[in-house]
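Novice: What follows is a single structure, and I will ask about it in a moment.
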Amino acid sequence: MSKLIGPFKEIVTLSEAPEKGALEDSELHILRNGGVLIEEEKILKVGDFDTLKSESKSVEEITGDQVLLPGLIDCHTHMVWGGSRARDYTLRMSGESYEKILEQGGGIFDSVEKTRAATSDELRSNLIKRANRHLMDGVTTIEVKSGYGLDVENELKILEVVKDAKADVISDLIPTCLAAHVCPKEFDDKREFLKYLENDLLPQLLVKGLTNRIDIFVEPSAFPMEMAEDYLQKAKGLGFDLTIHADQFHIGGSQIAVELGAKSADHLEASTEREVKILAQSDTVAVALPGASIGLGMNFTPARKLLDAGASLAISTDWNPGSAPMGDLLVQASILGIYEKLSSSEIFAGVTFRAAKALGLDDRGKIVSGMKADMVAFPVNDYREILYNQGKIKPQIIWKNGTRVSHV
Ligand code: NIG
Ligand code: FE
C-alpha cells in the first residue's frame, strides 16, 4: 500500500543534476510544500503535498518546518577496527608525520595488531555502534572496508563481521576488501604478499559472497604503481569492481584507477592538473576525504578543480582510527565546501547520488520516482541552514527503505 509523507517546507530532490561536473544551486531542484508518495521501499511520486493528499488514503503527517534530503551515502570508510590511535594523533599534533609513524611500525600496523587480537563479537558490536551513530547523522548507506587484518584469516574475519552486522544495522553496509592496505610485517616482499592475496584470499571472497569490491593503497610506502596494477588486473579478471586509495601523498594511483575503469579514485590530495584532467575525462568518481585532511593537518583534495574540469566528485568520511577518527560526514563536507568553494548543490550531490555512483549503485541518492525511499529531514526552514550550521544540526527524522527509523 502507498503512503504519503509530508508536508515538507522544502524537498531537495536533486532530480535533474548530472553525474559529472560543476553544479549550480538551481540544480538542487527544490520543491516547496511538497510530499513524497512511497510504496514499499520506493518513491512512487514527488509533488505538491496538497495535490497528492487528495489522492492518498494513508498520510504520515509531518509537523513543524522540515527540509528533506536524500539519505546520505558514505562511500569510503574503514569502520571495523580494534584499539585506538590516540597516541598517534598526539604525536602528529606535535609534528610527527603519518608516514614516519607507519615506517616505524606504528600507525596502520598498530590497528592491525589490535584488530587481529579482537574477537569477532567485539568488532561486530563496535561496528554496530558506529553504524548507528552514522545513521543518526543521516547516513543510510555505508561502505565498509577491511584492511586491518592483512592475512587471509583476519581479512575474512573482518568481512564476516560486516556481513553478520547487517542483520543489526538499519543502513545498508557495502563491504570492500582492502587486504592490500600495507605489506604486513610477516612478508619481506610486497609482490609475494600480493600474490598470496591473489591466490589465497580473492577467490574465497567470491565463494563466500563477502564482497565484490577490491581496494588497494597505491603509494610508495604501501604498494607502488606497477605492483598495484598487476594485483588490480587480477582482481578485475576475477570480476571484482575496483576502487583505489590514490594520490594521497604521491601521484600515480588515479592514473591506474582510470586505466582500469575503477569505480572510484579516493583521496587525491596530491593530484596535480594532469591527474585532475585524467579523472575528469573518465567515468571514475573522484572521492574527496576531508576527514583525512583534517586528521592529518594536510591540504584538501582539489575538489573545485576536479568539478570545473568535469569530474564526478563524491565526498566521504574515510572514518578510520588513524587519519580520520571523526567520522562526521556533514561536518566534513561543509568544511570542504567553504575551503574549496563548492556550491550547496555540489556538496549535497557529493554525499548522495555521486557517492552512490562511486559504489556502482543507481537506485538511491535522489528524491525521484523509482529510487529507494532513503530520506532525511532536518528541522530547518531553508536548505541553506544545513551547511551554514556546518553539520551541527542533525536530521530529526530518517527513513530507510520507506520506513521511519526510531532512535537506535
Ligand atoms: O584512507 N591511507 C591509507 N589508509 C587510510 C588510513 C588508515 C589508517 O591510518 O589507519 C586512509 O586514510
Ligand atoms: Fe581510506
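Novice: FRET efficiency for E19 and D50, Cβ-Cβ distance as r, R0 = 25 Å, nearest 0.05?
Specialist: Efficiency computed from Cβ-Cβ geometry: 0.15.
Novice: For the chain, build the charge dipole from Cβ charges (+1 Lys, Arg; -1 Asp, Glu) around the Cα centre, then report which of Q255, A167, I214 sits farthest towards its positive end.
Specialist: A167
Novice: Kindly state, to the nearest 0.05, the FRET efficiency for N299 paired with T403, given R0 = 35 Å and r defined as their beta-carbon distance.
Specialist: On the way: r = 41 Å, r/R0 = 1.17.
Computed FRET efficiency for N299 and T403: 0.30.
Novice: Check each of the trypsin sites (Lys or Arg not before Pro) in the stretch 363-392 and keep only those in coil by DSSP with at most 14 other C-beta atoms within 10 angstrom; list them in order. Before the final figure, lay out the partial values.
Specialist: Details: sites: R364, K366, K372, R384, K392; in loops: R364, K366, K392.
Those that pass, being in a loop and sparsely packed, are K392.
Novice: Give a residue-ordered list of calculated ³J(HN,Hα) values for the stretch 215-232 (Karplus: 6.51 cos²θ - 1.76 cosθ + 1.60, θ = phi - 60°; whole Hz; x for Gly, Pro).
Specialist: Couplings: 10, 8, 8, 8, 5, x, 6, 10, 10, x, 3, 5, 5, 4, 4, 4, 4, 5 Hz.
Novice: On to the next question. Taking a virtual spin label 7 Å from the Cα of D363 along the C-beta vector, which residues in the stretch 393-408 bring their backbone nitrogen under 13 Å of it?
Specialist: Of the residues in the stretch 393-408, 401-402 have backbone N under 13 Å from the label point off D363.
Novice: Taking the Cα centre of the stretch 73-358 as the origin, how large is its charge dipole in debye, to the nearest 20, when only Lys and Arg (+1) and Asp and Glu (-1) carry charge on their Cβ atoms?
Specialist: Charge dipole of the stretch 73-358: 560 debye, to the nearest 20.
Novice: Which of the aspartates and glutamates could a cross-linker bridge to K166, judged by Cα under 14 Å and excluding same-chain residues fewer than eight apart?
Specialist: Those aspartates and glutamates meeting the cut-off are D121, E143.
Novice: Is there a quick way to get the dipole size of the stretch 343-385? I mean about its Cα centre, with the Cβ of Lys and Arg at +1 and of Asp and Glu at -1; what is the value in debye to the nearest 20? Walk me through the numbers before you get to the answer.
Specialist: On the way: 6 positive and 6 negative charges, 26 e Å.
About 120 debye.
Novice: Which lysines have a Cα lying under 24 Å from the Cα of K341, excluding residues fewer than 8 positions away in the same chain?
Specialist: Answer for K341, where 24 Å is the Cα cut-off: K20, K277, K305, K357, K366, K392, K394, listed by chain and number.
Novice: Next question, about the same structure. Past 24 Å, Cα to Cα, is the threshold; run K100/K263; K57/K372; K100/K185 against it and keep the listed order.
Specialist: Exceeds cut-off: K100/K263.
Novice: Using just the helices of the chain, give the 222 nm mean residue ellipticity in deg cm²/dmol: DSSP H runs with n ≥ 4 each add -39,500 (n - 2.57), and the total is spread over all residues, rounded to 500.
Specialist: Values: 17 runs with 147 residues, N = 408.
Using -39500 (n - 2.57) per qualifying helix, the result is -10000 deg cm²/dmol.
Novice: Also: To the nearest 20 Debye, how big is the dipole of the stretch 147-277 about its Cα centre, given +1 on the beta carbon of each Lys and Arg and -1 on that of each Asp and Glu? Before the final figure, lay out the partial values.
Specialist: Numbers: 14 positive and 25 negative charges, 68 e Å.
So the dipole magnitude of the stretch 147-277 works out to roughly 320 debye.
Novice: Put +1 on the Cβ of every Lys and Arg and -1 on every Asp and Glu Cβ in the chain; which of G310, I158, I142 then has its Cα farthest towards the positive end of the dipole?
Specialist: Of the listed residues, the answer is I142.
Novice: Can you tally the net charge around R304? Count Lys and Arg as +1, Asp and Glu as -1, for every other residue whose Cβ sits under 10 Å from the Cβ of R304.
Specialist: Value of the local net charge: -1.
Values quoted throughout were computed directly from the atomic coordinates according to the rules given, and no laboratory measurement underlies them. What you are looking at is a predicted structure, and each value in this text was computed from that prediction instead of being measured. Reconstructed Cβ throughout: ideal geometry from the backbone, glycine too, with neighbour counts over all protein chains shown.
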